[in-house]
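Here's the structure, in structure tokens; my notes come after.
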């Protein structure tokens, strides 16, 4: 077999080269290309003959599944038959990027999925419009190639095309994590560490108000106290955080909020304000706002939060800002938040703070 070798120069001519690669993949060929991690070897994941050829070239044992490069979150969801909470959350946090998410389908089969940030991969998938089974472009058990030259030295004459897009950015294979309903197992550590994944995979509750000095830290303190008493020993502990739509980082909690909370034996004196940002929103499984205006503001920032956001009050009532009022008003707001949180604890489903 003759292996074509095309260099991507970063100009308008690259589009035709990538389109040619897509046509070869449609025809059942094998194509090597750069990703942000290492060079991958792609085949049409729907084509049994292409997959058999991929296994032969890799020297891989029969029946071992391949991870899929997908063009979008929607495609990943379809390939998995529905991503679970943990998988969906890690995808929000780390895709596009060097994370392969392994999840179990309803039929019991497992599938590994990755949404790459490399422009060559993104363009290639736009042209193919189907997922690519993509191991590293090397023999099974050999070091992953980080350049097109290394691929050519190993696979020349056995694959259809090598796209030379320069050195792989990171030169290290992706992190692989298996996601259960409420558990994760890091199967291979790459640039994304196991510690990062373990922290972010935990069910996360985010309380949002305006200044993050009274209502949301009070909600955080009460919630943590309640769940620590009601639920123990979850596979993943619940993370509870708060933030403000209009605040600066590092300010102290309101003096009267601290006093009102001390009366019920909860100490929020160490709280420091945090400004709401996209990363916090992405990390949250549950987002509770004090008012409809807070909710609308967040949806304006990130419409994709809609399924995860709601008012703290199940009656759809605003919880007013007690700032600059009396201690008695802070007590009333504290007690209203406490009443609302009884429903929240049930809806979140448990865990220890």
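The values are calculated or read from the model by the stated rules, or taken from the named source; none is laboratory data. All values reported here derive from a predicted model rather than from experimental measurement. Note that each Cβ is placed from the backbone with ideal geometry, even for glycine, and that neighbours are counted across all protein chains shown.
Answer yes or no as to whether residue 311 is crowded, with 16+ Cβ neighbours inside 10 Å and under 27 Å from residue 84 (Cα atoms). It is true that residue 311 is crowded, with 16+ Cβ neighbours inside 10 Å and under 27 Å from residue 84 (Cα atoms).
Answer yes or no as to whether residue 64 is within 12 Å of residue 131 (Cβ to Cβ), assigned by TED's automatic domain parsing to the domain that holds residue 116, surrounded by fewer than 17 Cβ atoms within 10 Å (Cβ to Cβ) and free of Cβ contacts under 8 Å to residues at least 12 places away in the same chain. When the stated conditions are applied, residue 64 does not pass them. Here residue 80 fulfils each of the conditions (1) under 25 Å from residue 138 (Cα atoms); (2) touching a helix residue (DSSP H, G or I) at 6+ places or on another chain (Cβ under 9 Å); (3) crowded, with 19+ Cβ neighbours inside 10 Å apart from (1). Quick check, is residue 256 under 17 Å from residue 311 (Cα atoms) and touching a helix residue (DSSP H, G or I) at 6+ places or on another chain (Cβ under 8 Å)? No: the conditions fail for residue 256. Among residues of segment 211-230 being touching a helix residue (DSSP H, G or I) at 6+ places or on another chain (Cβ under 8 Å) and surrounded by fewer than 20 Cβ atoms within 10 Å (Cβ to Cβ), the one that is modelled with the lowest pLDDT is 230. Residue 88 - would you say it is surrounded by 14 or more Cβ atoms within 10 Å (Cβ to Cβ), closer than 22 Å to residue 161 by Cα and either at pLDDT below 95 or not assigned by TED's automatic domain parsing to the domain that holds residue 176 (or both)? No. At least 1 residues being within 25 Å of residue 347 (Cα to Cα), assigned by TED's automatic domain parsing to the domain that holds residue 86 and modelled with pLDDT of 95 or more is the threshold, and among the helices (runs of 4 or more DSSP H) wholly inside segment 250-321 not one reaches it. The set of residues in segment 154-166 being touching a residue at least 60 places away in the same chain (Cβ under 8 Å) and either under 27 Å from the mean Cα position of the chain (by Cα) or farther than 18 Å from residue 124 by Cα (or both) consists of 155, 156, 157, 158, 165. All of (1) modelled with pLDDT of 90 or more; (2) part of a loop (DSSP other than H, G, I, E, B); (3) surrounded by fewer than 16 Cβ atoms within 10 Å (Cβ to Cβ) hold for residue 233 with one exception: (1).
When segment 312-326 is filtered for residues that are out of contact with any strand residue (DSSP E or B) (no Cβ under 7 Å at 6 or more places or on another chain) and within 18 Å of residue 223 (Cα to Cα), the ones remaining, listed by number, are 313, 314, 319.
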